[in-house]
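The values are calculated or read from the model by the stated rules, or taken from the named source; none is laboratory data. Predicted model only: the values in this text are computed from it and were never measured. Positions of Cβ are generated from backbone atoms using ideal geometry, with glycine treated the same way; all protein chains shown enter the neighbour counts.
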Amino acid sequence: MSKIGFLIKFKNQSFLKTLCYHGNGIKGGSYMKLELGKIRIDDIQFGEEVCVKNHTLFVNKQEIIDLVLEDDKIKECKVELAKPGESTRITPVKDVIEPRVKVSGGGEIFPGVIGKVNPTVGNGRTHALDGACVVTVGKIVGFQEGVIDMSGPAADYCPFSKTNNICVVVEPQEGLETHVYERAARLAGLKVAAHIGKAGKDIEPDSIETFETKPLFEQAAEYPDLPKIGYVHMLQSQGLLHDTYYYGVDAKQIVPTFMYPEEIMDGAIVSGNCVAPCDKVTTYHHFHNPVIEDLFKRHGKELNFMGVILTNENVFLADKERHSDMVAKLADWMGLDGLLITEEGYGNPDTDLMMNCRKVANKGIKVAIITDEFPGKDGKSQSLADTCKEADAMVSCGQGNAVLHFPPMDRIIGMTDYIENQIGGWSGCMNEDGSFDAELQIIIASTIANGFNKLAAKGY
């Protein structure tokens, strides 16, 4: 039967039902089912080829260097390995990426940036090299690049002190504008991660997790007796290197939209920002968003996880008002009973956080916010730059102003030239022996405001 004949024959309710479930593959196109296979990586070593053997990841140093130097904006590239427990300091860190590869289902990792945009992102099977990370390192762009210590007191605060890290240290060509250098460094890390990730394509994973989300109304009907819960995922998008990318599009240029959580888990969002290291959402954290993972764990048991509302954090008041209005509208349209909200960064984004919270709550939807705090070194300042009375349920990811002593390390990957200029450092904080004192802010992901950390605060 031709498509025209199909349309003519079903000009009634049965047409609508038939179209929704069979016509033009609509149901199949919207249905998301992602199998995430994790290949455990216990060690990393240099070798002749990129491969995984007996839970050891081998990488070819020269291959990586040649790949990075394909970009003529990068003058020099070094590749170093850093393992848990070593006396090693990595700084200034720009991004952290887990190597992954699409195995089936169409699409590519990092669609719109490395791979082509494909509507099937979030479907099929993806393999991850679990326990391995690509860490991009290089000269400071702003003051927001951070530190990873592989041992010592600071290692307790950083998730990447426990991973096996392939450090890609880039040296830009002279005279590059900062945003051009930032883009070159970001792309270098993503290209290397995608290259290394291919090593896991034909390997049987140690574990496979399945994540599934149905079209909105079908999802709502599946668990009618459970509360319908959504998640507002706020992306840093303040410009001047405070950027995040959605299918390759600068998040400043988007309006709030609905996303299947599987899309995020499959690389649809990548980091490209220089915000405070402590709450920088790296590309790794988009893959491993703990809010999404925990909602899936409770899905079908305690709650009905409906999906993600993606929004941004712009600097102009008109944008904040417009986008928070749209977030509340989407939450209402989804028929949500409750909502979790996370932000990236602090200060200016606190206003976006509170606007989203207030307007969603005024729709009769229960809201819990997740964020970190900055009360000053003495702990006596207001923890958030903005508040509202509707923000009466909050999960704290700790505070970034606490001061920690960083002992000297035997090896430095990158350079410590900028420690005093990085967020958390100050003039005179660096000692001649390589040790320094700094706030927790200087550590990558120490207080990350989506909960992927070990810190918390309790109210009494």
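Name the residue that is modelled with the lowest pLDDT, counting only residues in segment 64-99 that are among the polar types (S, T, N, Q) and crowded, with 16+ Cβ neighbours inside 10 Å.
Selected residue: Thr91.
Residue-by-condition table, conditions (1) farther than 27 Å from Gly107 by Cβ; (2) within 12 Å of the chain's Cα centre (by Cα); (3) in contact (Cβ under 8 Å) with a residue 12 or more places away in the chain; (4) surrounded by fewer than 24 Cβ atoms within 10 Å (Cβ to Cβ):
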| residue | (1), (2), (3), (4) |
| --- | --- |
| Met265 | no, yes, yes, no |
| Ser271 | no, yes, yes, no |
| Asn314 | yes, no, yes, yes |
| Lys320 | yes, no, yes, yes |
| Leu330 | no, no, yes, yes |
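Restricting attention to segment 112-133, which residues are in contact with an Asp or Glu (Cβ under 8 Å, 6 or more places away or on another chain), under 13 Å from Ala194 (Cα atoms) and either of a type in the set (Phe, Trp, Tyr) or part of a strand (DSSP E or B) (or both)?
The answer is Gly115, Thr126, Ala128, Leu129, Ala132, Cys133.
Answer with yes or no whether Lys61 is on the phi < 0 side of the Ramachandran plot and either modelled with pLDDT of 95 or more or exposed (fewer than 13 other Cβ atoms within 10 Å of the Cβ) (or both).
For Lys61, the condition - on the phi < 0 side of the Ramachandran plot and either modelled with pLDDT of 95 or more or exposed (fewer than 13 other Cβ atoms within 10 Å of the Cβ) (or both) - is met.
Which is buried (at least 22 other Cβ atoms within 10 Å of the Cβ) and out of contact with any Cys (no Cβ under 7 Å at 6 or more places or on another chain), of Ile442, Ile412?
Going through Ile442, Ile412 in turn, the sole match is Ile442.
If I ask for residues that are among the hydrophobic types (A, V, I, L, M, F, W, C), in contact with a strand residue (DSSP E or B) (Cβ under 6 Å, 6 or more places away or on another chain) and not in a strand (DSSP E or B), which ones from segment 381-395 would you list?
Of everything in segment 381-395, those that are among the hydrophobic types (A, V, I, L, M, F, W, C), in contact with a strand residue (DSSP E or B) (Cβ under 6 Å, 6 or more places away or on another chain) and not in a strand (DSSP E or B) turn out to be Ala391, Ala393.
Would you check if there is a residue in segment 252-259 being without any contact (Cβ under 8 Å) to a residue 24 or more places away in the chain, of a type outside the set (Val, Ile, Thr) and either out of contact with any Gly (no Cβ under 7 Å at 6 or more places or on another chain) or part of a loop (DSSP other than H, G, I, E, B) (or both)?
Yes, because at least one residue in segment 252-259 is without any contact (Cβ under 8 Å) to a residue 24 or more places away in the chain, of a type outside the set (Val, Ile, Thr) and either out of contact with any Gly (no Cβ under 7 Å at 6 or more places or on another chain) or part of a loop (DSSP other than H, G, I, E, B) (or both).
Take the conditions surrounded by fewer than 24 Cβ atoms within 10 Å (Cβ to Cβ) and either under 21 Å from Gln422 (Cα atoms) or without any contact (Cβ under 8 Å) to a residue 24 or more places away in the chain (or both) and apply them to Pro119. Does it pass?
no
Going through segment 422-435 one residue at a time, which ones are surrounded by fewer than 23 Cβ atoms within 10 Å (Cβ to Cβ) and either modelled with pLDDT of 90 or more or among the small types (Gly, Ala, Ser) (or both)?
Gly425, Trp426, Ser427, Gly428, Cys429, Met430, Asn431, Glu432, Asp433, Gly434, Ser435
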